[in-house]
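Peer 1: Shown below is the structure under consideration.
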Amino acid sequence: MKKKALIFGVTGQDGAYLAKFLLKKKYIVHGIKRRTSSINTVRVDDIYLDLHTKKDKYFFLHYGDLSDGTSILNLINKIQPNEIYNLAAQSHVAVSFELPEYTSNINALGALRILEAIRALKLEKKTKFYQAGTSEMFGGYNKIQKENTPFHPKSPYGTSKLFAHWITKNYRESYNIFAANGILFNHESPLRGETFVTKKIVNGLVNIKQKKLNCIYLGNIYAKRDWGHAIDYVEAIWKILQRKKADDFVISSGNQYSVKNFINITASHLGIKITWTGKGIKEKGYDQHGKCIIKIDKKYFRPNEVNTLLGNSSKARKQLNWKPKFNINKLIKDMINYEYFNDK
Ligand code: NAP
Ligand code: G4F
């Protein structure tokens, strides 16, 4: 019998890659989409539309929202999934400072609502639960972070995710639900949301190269991140749910670059040589023709910043037999190619 998966957040970056990954593994995949005024299914339209023409359908979309506990319970009851992936979130750290209550409702209570539905429906024996945790929960106080590094979130986003992390453990320990946390470091892809820094840089520099844009405005370019590719990370997410016993895993590349490094590497792939001048908000990047293409805008600085993230994923590499196939150069090339050849 085919396994049934239910993905909250299927219209997002990871949800779209995970849905495609699970369909290849012969799952029946159900995804939850929010009602929005403009269509928000663009990342999964290829699998959704394709399947309209086929006789057997394995990919289904349902309306739902993590703020609506009754709808979550009804959907889980109707679908009776073997695996639930909670990837839905208000996932933008900077926005969480503007919308702290909303972010907490969706990210923290949303996870609780799913767990409560599993418990109320007595699906402990049938349904495994994955919670999308984040390196933001660490806050960047240690040089390298792993599963037993103390948490110290620095944003409403990180704090809301820490509640979700602990309530997932709590339901595992209290009710014997297979409930597992991934603690994923930054992962990017062509499908990354446009306001995250990597997509903004790649998109911006490609548009500058094509003479469609003059300049990109950024915030703290000295923040350091451990960037991987979403394709590798959704495989790890699936592996976390294939274990006999639920556990928590750090997923990371183990390599760290600053935002400024990311800009320089992207530029070099595009044949742009950047020269930097000035300091702080006066810092600027010029191309080889002397044109200013990068400026700093203080509106992109956050009230509190996670300055450094670098993960040690040796537990996942050993116990899940997982390792990433993409490095930073392959990731950036993939993102650049997409900007050049898709919808342009
Ligand atoms: P994303 O692209 O922002 O996708 C988030 C998804 O959640 C979208 O499908 C979004 O729907 C949905 N969503 C938002 N609010 C919702 C609500 N109220 N009810 C139901 N669905 C809602 O995020 P991502 O990069 O794929 O990340 C997936 C998950 O992993 C998130 O929980 C994120 O916090 C976490 N995470 C991400 C990273 C990373 O580097 N990407 C690292 C660690 C953890 P719309 O499409 O309608 O907006
Ligand atoms: O791309 P970012 O917005 O990602 P951030 O804040 O690290 O969060 C992402 O990764 C987390 C995992 O660690 C996820 F949980 C979370 O959902 C999200 O996917 O910013 C990366 C860095 C930050 O230090 C930010 O201050 O880039 C810096 N930055 C500099 N200029 C900028 C900008 N970030 C954004 N978004 N936009 C800028 O113009």
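The values are calculated or read from the model by the stated rules, or taken from the named source; none is laboratory data. Predicted model only: the values in this text are computed from it and were never measured. As a convention, Cβ positions derive from the backbone with ideal geometry for all residues, glycine included, and neighbour counts pool all protein chains shown. Accessible surface is based on the protein model in full, side chains and every heavy atom, while ligands, DNA and RNA are left aside. Shrake-Rupley method; radii C 1.70, N 1.55, O 1.52, S 1.80 Å.
Peer 1: With respect to His152, is the statement that it is assigned to a helix (DSSP H, G or I) and modelled with pLDDT of 95 or more true?
Peer 2: Working: assigned to a helix (DSSP H, G or I): no; modelled with pLDDT of 95 or more: yes.
No, not satisfied.
Peer 1: Against the condition open to solvent by less than 40 Å² (accessible area, probe 1.4 Å), hydrophobic (A, V, I, L, M, F, W, C), more than 17 Å from Lys330 (Cα to Cα) and part of a loop (DSSP other than H, G, I, E, B), how does Ala246 come out, does it pass? Break it down stepwise before answering.
Peer 2: On the way: open to solvent by less than 40 Å² (accessible area, probe 1.4 Å): yes; hydrophobic (A, V, I, L, M, F, W, C): yes; more than 17 Å from Lys330 (Cα to Cα): yes; part of a loop (DSSP other than H, G, I, E, B): yes.
Against the criterion (open to solvent by less than 40 Å² (accessible area, probe 1.4 Å), hydrophobic (A, V, I, L, M, F, W, C), more than 17 Å from Lys330 (Cα to Cα) and part of a loop (DSSP other than H, G, I, E, B)), Ala246 qualifies.
Peer 1: Are any residues in segment 192-227 charged (D, E, K, R) and open to solvent by 60 Å² or more (accessible area, probe 1.4 Å), and if so, which ones?
Peer 2: We begin by selecting, within segment 192-227, every residue charged (D, E, K, R); these are 192, 194, 199-200, 209, 211-212, 224-226.
Of everything in segment 192-227, those that are charged (D, E, K, R) and open to solvent by 60 Å² or more (accessible area, probe 1.4 Å) turn out to be Glu194, Lys209, Lys211, Lys212, Lys224.
Peer 1: Let me ask something else. Out of Lys169, Lys126, Lys143, report the one residue that is under 21 Å from Tyr222 (Cβ atoms) and among the charged types (D, E, K, R).
Peer 2: Numbers: Lys169 fails: under 21 Å from Tyr222 (Cβ atoms); Lys126 fails: under 21 Å from Tyr222 (Cβ atoms).
When all the criteria are applied, what remains is Lys143.
Peer 1: Kindly state which strands (runs of 3 or more DSSP E) lie completely within segment 24-93 and contain at least 3 residues that are in contact with a helix residue (DSSP H, G or I) (Cβ under 9 Å, 6 or more places away or on another chain) and closer than 26 Å to Tyr157 by Cα. Reasoning before the result, please.
Peer 2: Details: elements: 28-33, 59-63, 83-86.
Qualifying strands (runs of 3 or more DSSP E): 83-86.
Peer 1: While we're looking at this one, here's another question. Could you go through segment 135-158 and let me know if any residue there is open to solvent by less than 10 Å² (accessible area, probe 1.4 Å), within 16 Å of the chain's Cα centre (by Cα), within 11 Å of ligand 1 (Cβ to nearest atom) and within 17 Å of Glu83 (Cα to Cα).
Peer 2: no
Peer 1: When you scan segment 18-73, how many residues do you find that are basic (Lys, Arg), within 22 Å of the chain's Cα centre (by Cα) and more than 16 Å from ligand 2 (Cβ to nearest atom)? Break it down into steps so the answer makes sense when it comes.
Peer 2: The first filter runs over segment 18-73 and keeps only residues basic (Lys, Arg), leaving 20, 24-26, 33-35, 43, 54-55, 57.
Next, from what is left, pick out any that are within 22 Å of the chain's Cα centre (by Cα): 20, 24-25, 33-35, 43.
Now restrict to residues that are more than 16 Å from ligand 2 (Cβ to nearest atom): 20, 24-25, 33-35.
Matching residues across segment 18-73 total 6.
Peer 1: Specify the residue that is farthest from Ile293 (Cα to Cα); the eligible residues are those in segment 215-243 that are part of a loop (DSSP other than H, G, I, E, B) and under 14 Å from the mean Cα position of the chain (by Cα). Give the steps one after another, and end with the answer.
Peer 2: Of the residues in segment 215-243, the ones part of a loop (DSSP other than H, G, I, E, B) are 215, 219-223, 226-227, 242-243.
If we keep only those that are under 14 Å from the mean Cα position of the chain (by Cα) as well, we get 226-227.
Numbers: Asp226: 25, Trp227: 24 Å.
Only one residue fits best here, namely Asp226.
Peer 1: If you don't mind, another one. Please specify each residue of segment 193-214 satisfying the condition of being assigned to a loop (DSSP other than H, G, I, E, B) and not charged (D, E, K, R). Talk me through it step by step, then tell me what you get.
Peer 2: Pass one, segment 193-214, residues assigned to a loop (DSSP other than H, G, I, E, B): 193-196, 210-214.
Scanning segment 193-214 gives Gly193, Thr195, Phe196, Gln210, Leu213, Asn214.
Peer 1: Got at least one residue in segment 90-113 being away from ligand 2 (no atom under 16 Å from the Cβ) and within 21 Å of Ala19 (Cβ to Cβ)?
Peer 2: no
Peer 1: From the residues in segment 1-23 that are more than 14 Å from ligand 1 (Cβ to nearest atom) and assigned to a helix (DSSP H, G or I), which one is surrounded by the most Cβ atoms within 10 Å (Cβ to Cβ)? Talk me through it step by step, then tell me what you get.
Peer 2: Our first condition is that a residue be more than 14 Å from ligand 1 (Cβ to nearest atom); within segment 1-23, this holds for 1-5, 22-23.
If we keep only those that are assigned to a helix (DSSP H, G or I) as well, we get 22-23.
Numbers: Leu22: 22, Leu23: 16.
Restricting to residues being more than 14 Å from ligand 1 (Cβ to nearest atom) and assigned to a helix (DSSP H, G or I), the top hit is Leu22.
Peer 1: Being of a type in the set (A, V, I, L, M, F, W, C) and within 13 Å of Thr308 (Cα to Cα) is the filter; apply it to segment 218-276 and report the residue that is nearest to ligand 2 (Cβ to nearest atom). Walk me through how you get there before you give the answer.
Peer 2: Taking segment 218-276 first, the residues of a type in the set (A, V, I, L, M, F, W, C) are 218, 221, 223, 227, 230-231, 234, 236-238, 240-241, 246, 249-251, 259, 262-263, 265, 267, 270, 272, 274, 276.
Filter once more, keeping what is within 13 Å of Thr308 (Cα to Cα): 221, 223, 227, 259.
Details: Ile221: 6, Ala223: 3, Trp227: 9, Val259: 5 Å.
Ranking the qualifying residues of segment 218-276, first place goes to Ala223.
Peer 1: Something else about it: Looking at segment 274-303, I want the residues that are without any contact (Cβ under 8 Å) to a residue 40 or more places away in the chain and have a partner that is among the hydrophobic types (A, V, I, L, M, F, W, C) with Cβ atoms under 6 Å, at least 6 apart or on another chain. Which pairs are those?
Peer 2: Ile274/Ala267; Ile281/Ile296; Lys284/Cys292; Gly285/Ile274; Gly285/Trp276; Gly285/Ile293; Gly285/Ile294; Tyr286/Cys292
Peer 1: What is the number of the single condition among (1) part of a helix (DSSP H, G or I); (2) more than 30 Å from Ile7 (Cα to Cα); (3) of a type in the set (S, T, N, Q) that Asn337 does not meet?
Peer 2: Answer for Asn337: the failing condition is (2).
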